[in-house]
Amino acid sequence: MKENILTAEECYLKHTLCVMNHRDIKIAMIEFAKMHVREALKAAALEVENEIEKDFITKETVLLAYSLENIK
């Protein structure tokens, strides 16, 4: 299932009027996103592991496992 999520380049161009080295910024944004996705998946997996022991897993529990406040 493919969602209509902006690419790093599209997101950058949507949010800035700067004319800078777009290639380097795009690479940095992609690496930043990969880092947070990896950490979010680790947090979600850990949350599921903990909830399995209690026999209680919800979609909300998994979605809230990684705080968006971590992304700055």
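Just so it is clear, none of the values below were taken in a lab; they were calculated from the coordinates. Every value quoted in this text rests on a predicted model; they were computed, and no experiment measured them. Heads up, the Cβs are rebuilt from the backbone with ideal geometry, glycines too, and the neighbour counts pull from every protein chain shown.
Computed values, structure above
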quantity: Neighbour cut-off at most 14 other Cβ (10 Å), DSSP loop, GluC sites (Glu not before Pro), the chain; calculated: E3
quantity: Contour minus Cα-Cα distance for E10 and E69 (0.36 nm per residue); calculated: 19.0 nm
quantity: Percent RCO, i.e. relative contact order, over the chain, from Cα pairs under 8 Å lying at least 6 residues apart; calculated: 26 percent
quantity: The chain - charge dipole about Cα centre, Lys and Arg +1 at Cβ, Asp and Glu -1, debye rounded to 20; calculated: 400 debye
quantity: Cα-based helix-to-principal-axis angle, 22-54 vs the chain, degrees rounded to 10; calculated: 0 degrees
quantity: In Å, descending, principal axis extents of the Cα set of the chain; calculated: 52, 22, 18
